[in-house]
Structure formats: C-alpha cells, structure tokens
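The values are calculated or read from the model by the stated rules, or taken from the named source; none is laboratory data. On a predicted model such as this, the values are computed, not experimentally measured, just so you know. Ideal geometry is used to build each Cβ from the backbone, glycine not excepted, and the neighbour counts take in all protein chains shown. Just so you know, the surface numbers come from the protein's heavy atoms only, side chains and all, with ligands and any DNA or RNA stripped out. Shrake-Rupley method; radii C 1.70, N 1.55, O 1.52, S 1.80 Å.
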Amino acid sequence: MSDPTSIQNPSDGNLLRRRRFFLALIFLVWAAIYLISIFQPPLMDDADTVHAEAAREMAASGDWVTLHIDGGIRYLEKAPLMYWMVAASFKVFGVHDWSARLPIALGVLALLLVTYRLGRRVFNSGNQGEEAGLYSALVLATGFGPFIYTRFLIPDMMVGLWLALGFDFFLTTLAQSERREKPSLWICWGLAATMALNILAKGLIGLVFPIGTIILYLLLTKNLRHLFKLRLFSSFLVFLIIAAPWHMLAGFRNPPQGNAKGFFWFYFINEHFLRYLNKRFPADYDTVPLWLFWGLTLVWLMPWTAFIVQAARQVPVKLAEFRAGLNAQQRGTLLFALWALLILVFFSFSSRQEYYVLPGLPGLALLLGGWLAHETTSPIDSGERRTGRISSLVLMVIGVAVCVVCFTLAWQAKTPPANYDIAELLKENPQDYALSFGHILDLTPQAMGAFKTPLLLTGCAFALGTILNWWLRRGNRTMPANLVLAVMTMVLLQAAHQGLTIFSPVLSSKVLAGAIEAHWEPGAIIEDNGDYEAASSVNYYTHRQIRILNGRCNNIWYGSTFPDAPLIFDDDASFEKLWRGDKPVFLLVDGRAKQATGKKGGKDADCPQRERLPDYVNSSTGCVMAKWGGKLVLTQIQANQADATNALKACPASVPSR
C-alpha cells in the first residue's frame with residue numbers, strides 16, 4: 001500500500017532533512033509547553049484529584065473494572081481508558097503529580113504527530129504539505145484551550161487523538177477506493193479500533209462524533225456507498241472485541257442492588273442521555289451560554305484564529321464544486337470542517353461546559369495550518385499574502401490593546417504582603433463555581449498584585465509578538481512570522497501556567513493535606529464538611545479515607561447507594577459523637593462556613609452544606625489547625641483551653657507557611 005504522505009523520491013535529502021527538522025521542532029515545542037509543566041502546580045480539588053484518586057485506588061486494589069474513590073465508594077460515571085493509563089503510570093513511576101499528568105501529556109504529543117501527518121497528507125499539493133503539517137501541529141500545540149484543559153485530568157484531548165487517527169484511516173480508505181482498490185482490512189480495522197478506544201475514553205460520543213462526521217461527509221460527496229466497502233462485519237467484530245468487555249464486566253460486577261439501579265442505568269441513561277438533555281441527577285454542573293460556547297472556540301486557538309476566515313474559505317461550499325468533483329485537498333478540508341462543526345452543533349442542543357469543544361479543535365487547527373502553508377507558498381502579490389497582512393494588522397491592534405490593559409493592571413495593583421493567602425484577596429462568586437474555571441471570576445484589582453509577573457509577561461509577549469508578526473508579514477516573510485507567533489504563544493502559556501500556580505491554593509488543598517499528615521495520630525479521623533469534591537485533594541494526598549458531614553450528594557452520591565458502600569456519611573448527630581470523642585478529628589471547612597442557628601443538618605437539609613457548621617463546633621470545642629486558600633482544618637481542643645468567645649481561634653503554631 002502506498003502512503004500519499006511518503007517521500008516520493010528517496011534521494012531527496014532536503015525533503016527528508018526538512019521533515020526531520022519539523023518533527024524535532026514539534027517535539028521541542030511540546031516538551032517546552034507540556035512536559036515541563038507536569039510538575040506543578042499541585043493537583044486540584046474536584047475533577048483533577050477525584051480522577052487521580054480513582055486511578056490510585058485502581059492501581060492499589062488491582063480492580064481495573066470498577067472505579068472507586070475515597071476508600072471504596074463506587075465511581076461509575078466515567079469511561080475507564082484515562083484511568084487505566086494514569087494507574088499504569090502510578091504502577092511504573094509511583095504516585096506523583098507528574099506521573100498523574102504524564103499520560104495526558106504523552107497523548108497530546110501523539111495527537112500533534114497525527115495532526116502533522118494529516119496536514120501534510122491533505123495539503124500536499126504545491127510542495128506545501130510539510131509546512132501544512134508543521135503549522136497545524138504548532139497551532140494545536142500552542143493553543144490556549146488545549147493547554148489550560150490539560151492542566152487537570154479530563155480525557156477530552158484524548159478523544160481528539162482517537163478522532164484524528166480514525167479520520168486518517170478513513171482518508172486512507174478513500175484514497176484506496178480512488179485507485180480502485182478495496183480498502184485494506186487493517187485500515188478498516190484501525191478505524192473501528194479508534195472508535196472503540198474513543199468509547200473507552202469518553203463514552204458514546206466516541207461513536208457519535210466519528211460516525212456522524214463520516215456519514216455527513218459521504219452524504220455531501222454523494223459517496224454513501226463507500227460505507228459498504230469498509231468491511232463492516234469484521235470491523236464491527238474488532239470494535240466489539242475492544243469496547244465490549246469492560247462494559248459487560250462493569251455491568252456484571254455492579255448489578256442493581258439495594259437502592260442502586262446498577263451500572264447500566266447510571267452510566268448509559270443518567271450519564272449519557274439525561275446529561276445530554278440537562279436532566280442528569282445530581283445536577284452538580286452548569287451550562288455555559290451558547291454564544292459563549294461558540295465564541296470561546298476562537299479563544300482556544302488564539303492568536304491563530306485571526307486567520308480563521310481565510311481558513312474557512314478553503315472549505316468547499318458551492319454546489320458547482322461538488323458537481324465537478326472534489327480534489328483530495330477539498331475533501332480533506334471538508335472533513336476537517338465537519339469534524340469541528342459537528343461537535344459544536346452537537347453540544348449546542350445539550351448541557352455543555354467550556355471545554356466540550358476540545359475534541360474538535362484538531363480539525364480547526366488543520367484548516368488553519370493548511371491556509372498558513374498556502375499563504376507561505378503563494379506568490380508575493382497573491383490575495384493570500386494580502387489578507388494575511390490584514391489579519392496580522394488586526395492581531396497587532398489586539399496585541400497592543402492587551403499589552404496596555406496588562407501593564408495598567410500591573411501598575412495599579414499593590415504588591416501583596418509576605419506569606420499572603422491569595423484567597424484573602426479575592427471576591428468569592430460561588431454561583432459561578434459549577435463552571436470549569438469559575439474561580440477565575442473571583443479575581444479583584446487587589447488580587448492582581450499577586451499576578452504582576454504573569455501580567456507583565458503577557459503584555460510584553462502580546463505586543464512584541466504581534467508587532468513583529470505584522471512587520472515580517474509586511475515583508476512577505478511568512479514562515480518567520482508564524483514562528484514568531486508560536487514563540488509568543490509559548491511565552492503566553494508560560495505566563496498562564498505561572499498564574500495558575502499562584503492561584504493554586506484556592507484550587508487545591510495539598511497544603512492542608514500536609515498539615516494533617518504532620519499532626520496525624522493513629523486512629524485519627526478526617527471529616528469533610530459538606531462536599532467531597534471540594535476536599536478531594538486531601539483524600540488523594542494523604543491516601544486516607546475522609547468522612548463526609550452532610551454531603552451525601554453530587555458525584556459521590558450514587559456510589560453511596562450500594563449496600564457495600566463504606567459507612568462514611570455523617571449528619572450533625574453522628575458527627576457530634578466523633579467531635580466530642582477521644583479520637584483526633586480533622587474537620588475540613590470552607591472559610592465561609594458559619595455556625596448553624598436554625599435547622600439541623602441531615603437527609604432533609606440542603607446538600608452539600610459547605611457554608612454551614614454544626615453549632616457545637618465552636619471556640620469551646622475546637623480551634624483552627626491550618627488555614628490556606630480560603631479553607632480551614634479544625635480540630636478539637638481540651639476543655640481547659642476553651643475561649644470565652646464563640647469565635648474559632650488558631651491552634652498554637654498551626655498555620656503552614658507559604
């Protein structure tokens with residue numbers, strides 16, 4: 001089988017050296033962005049450490065079928081592939097922050113390489129294939145969205161990897177059919193395998209996205225009969241061999257019992273269909289407005305989306321083009337456009353988070369990379385060069401404006417005191433925390449003082465990068481201009497990473513976990529007030545089970561309905577016995593929590609009760625052992641140490657230093 005992306009003349013040493021150089025450049029950019037950043041900040045509360053803890057317990061228990069969190073609570077809502085990879089990393093390298101993030105980072109590298117291959121195979125006319133592959137990979141590697149949403153453990157970029165690889169297989173079957181060859185058995189099986197792996201990565205969308213894109217493509221190109229050339233029977237068997245075993249085992253090992261309806265109802269009905277319809281229970285998530293969901297798609301690949309209009313014009317839309325027959329490049333751009341568009345439209349009718357579009361970003365990156373390569377190889381007086389200069393001018397105006405804003409904020413912001421707690425400089429907006437990065441909306445002008453370095457770095461990079469890009473494009477030096485944009489975005493991502501690290505005390509409870517470990521005694525108890533996800537990093541970093549006070553809800557709820565679930569859920573009455581008992585108790589509390597004045601906490605109370613404390617947790621019974629990131633660790637005190645007031649005071653030498 002011939003490879004349309006292979007070097008046609010093996011003696012062409014220049015082409016081979018250029019390919020090796022481009023691949024090395026992609027690897028270096030990936031390493032500078034993704035590999036270096038896996039070591040910090042600490043893993044975050046909520047999804048990050050919930051998923052890391054599920055993988056840790058998988059590796060520790062040897063149960064690779066049923067996910068568990070918090071010492072044995074079933075966690076049935078997620079597909080297993082990412083957890084298998086993280087658990088395997090823990091087995092090989094040990095449990096570390098970097099080993100938890102390594103599989104996602106390696107998945108991004110694989111996606112960049114597949115994107116490079118797709119770009120050079122589709123845009124290989126006019127000696128621009130290598131540049132198209134390079135630019136496509138650079139656009140994706142330096143995109144803000146792919147970077148920021150691989151800072152915590154979610155599988156969405158992995159979904160993009162299997163989609164990209166599957167579409168590469170699909171394009172190969174089309175090329176074989178054009179040569180009047182029957183599509184290769186292994187290629188068809190490869191396409192089926194990518195769908196199965198996507199099912200194991202994120203559920204049924206692993207079928208919806210590739211099949212939907214392929215069928216739409218074949219309908220538009222009037223080639224629906226090509227489906228029957230894909231060896232459907234044997235490909236379906238390959239799909240079942242890979243995808244079915246885990247689903248069957250998970251169903252058999254988690255049947256309906258007690259108040260639990262079992263794996264199949266919860267995973268397929270509740271987590272797929274009801275979630276899509278925004279009727280999933282419990283409703284512990286929010287839905288971003290449709291305009292924001294679409295608009296953020298442009299932000300996730302900035303600054304490259306400055307050229308999105310030109311890139312979109314490559315996609316065939318005229319009926320005459322379809323009647324005349326599409327060439328290989330037109331077919332590729334159509335497939336890439338459908339890839340991204342289907343995902344956007346699909347989630348436009350469902351519940352959605354900001355990052356749900358991530359699996360479609362490789363398609364946009366390929367369109368952008370193809371146009372950038374076309375611009376680079378076009379004549380100096382071409383329309384592509386002219387529109388490129390216009391877009392670079394607009395980008396420069398935006399860059400200078402961003403620079404002015406960043407420098408103004410940095411200039412007006414006051415330097416925070418030594419050993420400051422970033423949470424004390426924020427204005428909390430809990431109504432926004434159901435969004436993936438809702439805490440960013442807590443930033444205030446006062447808090448900006450903590451971010452002076454990232455702000456100045458962002459401002460300088462935006463201004464210098466966009467100005468130099470415009471100047472180089474004005475001189476028709478498009479490749480250096482594109483490399484300048486790549487370097488600029490690398491600096492911007494480094495600034496974003498610094499900002500996330502500064503903000504991490506609000507997002508992670510690792511410091512509190514360290515304080516608990518420093519005071520740990522045999523038989524001690526860790527209790528979380530209200531919401532397991534808000535303190536999940538304590539569970540992960542201490543490797544100890546945490547009990548939950550008035551918080552039998554959210555993602556831990558369904559696992560708690562099984563008869564064998566650990567008895568770790570307390571109400572006010574049961575926790576009072578622990579609090580007044582002989583064993584040390586470390587109570588994790590939101591900094592906004594206040595003593596209850598009215599109704600008791602229990603099964604009929606609002607859940608989770610993060611801002612409510614039982615009235616017996618006061619200065620006569622407890623003190624603040626640790627405080628950081630807007631969160632507290634309270635513990636009991638002896639009666640002779642009680643304070644006359646009702647305000648909780650600090651325990652001696654308790655607050656950890658920064």
Go through Thr150, Thr173 for me and flag whichever is of a type in the set (S, T, N, Q) and more than 24 Å from Gln314 (Cα to Cα). Thr150
Kindly provide the set of residues from the stretch 337-364 that are in contact with a Pro (Cβ under 8 Å, 6 or more places away or on another chain) and either more than 19 Å from Lys202 (Cα to Cα) or among the aromatic types (Phe, Trp, Tyr) (or both), ordered by number. Trp339
Pair list, Cβ < 7 Å and 6+ apart or interchain, from the stretch 490-510 residues that are closer than 29 Å to Phe27 by Cβ to residues that are polar (S, T, N, Q) and in a helix (DSSP H, G or I): Leu492/Thr458; Ala495/Thr458; His497/Ser37; Gln498/Thr453
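Checking the condition over 30 Å from Phe268 (Cβ atoms), in a loop (DSSP other than H, G, I, E, B), modelled with pLDDT of 95 or more and not basic (Lys, Arg), which residue from Pro42, Pro4, Pro10 passes? Write out each step before concluding.
Working: Pro4 fails: modelled with pLDDT of 95 or more; Pro10 fails: modelled with pLDDT of 95 or more.
After applying the criteria, what remains is Pro42.
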Kindly evaluate Leu227 against the criterion of being open to solvent by 50 Å² or more (accessible area, probe 1.4 Å) and over 30 Å from the mean Cα position of the chain (by Cα). no
Based on this model, can you work out whether Ser136 counts as within 20 Å of Ala47 (Cβ to Cβ), assigned to a helix (DSSP H, G or I), touching a helix residue (DSSP H, G or I) at 6+ places or on another chain (Cβ under 6 Å) and at pLDDT 95 or above? no
When the stretch 63-84 is examined, which residues are found to be surrounded by fewer than 20 Cβ atoms within 10 Å (Cβ to Cβ) and in a helix (DSSP H, G or I)? Trp84
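Output the residues belonging to the stretch 410-419 that are part of a helix (DSSP H, G or I) and either among the charged types (D, E, K, R) or open to solvent by 60 Å² or more (accessible area, probe 1.4 Å) (or both).
Pass one, the stretch 410-419, residues part of a helix (DSSP H, G or I): 410-412.
Matches in the stretch 410-419: Trp411, Gln412.
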Yes or no: Lys182 touching a residue at least 12 places away in the same chain (Cβ under 8 Å), more than 28 Å from Val345 (Cβ to Cβ), exposed (fewer than 15 other Cβ atoms within 10 Å of the Cβ) and not hydrophobic (A, V, I, L, M, F, W, C)? yes
How many of the residues making up the stretch 528-555 are touching a strand residue (DSSP E or B) at 6+ places or on another chain (Cβ under 7 Å) and either on the phi > 0 side of the Ramachandran plot or among the charged types (D, E, K, R) (or both)? 5
What are the residue pairs meeting all of these: first residue in the stretch 212-229, first residue under 18 Å from Phe346 (Cα atoms), second residue small (Gly, Ala, Ser), Cβ atoms under 9 Å, and 6 or more apart or on different chains? Thr213/Gly363; Ile214/Gly166
Do you know which of the residues in the stretch 614-636 that are assigned to a loop (DSSP other than H, G, I, E, B) and free of Cβ contacts under 8 Å to residues at least 40 places away in the same chain is farthest from the chain's Cα centre (by Cα)? Ser620
Within the stretch 148-156, is even one residue closer than 12 Å to Leu366 by Cβ, aliphatic (A, V, I, L, M) and touching a residue at least 40 places away in the same chain (Cβ under 8 Å)? no
Considering the stretch 562-581 alone, what residues qualify as being in contact with a Leu (Cβ under 7 Å, 6 or more places away or on another chain) and either open to solvent by less than 10 Å² (accessible area, probe 1.4 Å) or farther than 16 Å from Ala593 by Cβ (or both)? Phe575
Where a residue in the stretch 40-51 is among the small types (Gly, Ala, Ser) and its partner, wherever it lies, is open to solvent by 10 Å² or more (accessible area, probe 1.4 Å) and modelled with pLDDT under 95, with Cβ under 6 Å and at least six apart: Ala47/Phe152
Residues being over 14 Å from Gln353 (Cβ atoms) and touching a residue at least 12 places away in the same chain (Cβ under 8 Å): count how many of those fall in the stretch 273-307. 10
Picked from the stretch 344-371 (must be out of contact with any Leu (no Cβ under 9 Å at 6 or more places or on another chain) and aliphatic (A, V, I, L, M)), the residue most open to solvent (accessible area, probe 1.4 Å) is Val345
Log entry, pairs with first residue in the stretch 75-91 being touching a residue at least 60 places away in the same chain (Cβ under 8 Å) and more than 14 Å from Met158 (Cα to Cα), second being open to solvent by less than 10 Å² (accessible area, probe 1.4 Å) and in a loop (DSSP other than H, G, I, E, B), beta carbons closer than 6 Å, six or more apart or on different chains, reads Tyr75/Leu67
Close pairs from the stretch 380-398: first closer than 19 Å to Val299 by Cα, partner part of a loop (DSSP other than H, G, I, E, B) and open to solvent by less than 20 Å² (accessible area, probe 1.4 Å), Cβ under 6 Å, at least 6 apart: Leu395/Pro303
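This table checks each residue for (1) open to solvent by less than 10 Å² (accessible area, probe 1.4 Å); (2) over 24 Å from the mean Cα position of the chain (by Cα); (3) within 30 Å of Gln257 (Cβ to Cβ).
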| residue | (1), (2), (3) |
| --- | --- |
| Tyr532 | yes, no, yes |
| Ser537 | yes, no, no |
| Tyr541 | no, no, no |
| Gln545 | no, yes, yes |
| Asn555 | no, no, yes |
| Ser560 | yes, yes, yes |
May I ask you to say which residue of Leu338, Leu290 is closer than 30 Å to Asp531 by Cα and among the aliphatic types (A, V, I, L, M)? Leu290
Which condition number does Met82 fail, the rest of (1) modelled with pLDDT under 95; (2) closer than 30 Å to Leu171 by Cα being met? (1)
Is there any pair linking a residue in the stretch 528-549 that is within 21 Å of Arg592 (Cα to Cα) and in contact (Cβ under 8 Å) with a residue 12 or more places away in the chain to one that is hydroxyl-bearing (Ser, Thr, Tyr) and buried (at least 24 other Cβ atoms within 10 Å of the Cβ), with Cβ under 6 Å and at least six apart or on different chains, and which? Ala535/Ser509; Ser536/Thr49; Ser537/Thr49; Ser537/Ser508; Ser537/Ser509; Val538/Ser509; Ile548/Tyr532
The stretch 85-132, residues that are open to solvent by 10 Å² or more (accessible area, probe 1.4 Å), part of a helix (DSSP H, G or I) and of a type in the set (Val, Ile, Thr): Val92, Ile104, Val114
Looking at the stretch 493-505, is at least one residue β-branched (Val, Ile, Thr), assigned to a helix (DSSP H, G or I) and buried (at least 23 other Cβ atoms within 10 Å of the Cβ)? no
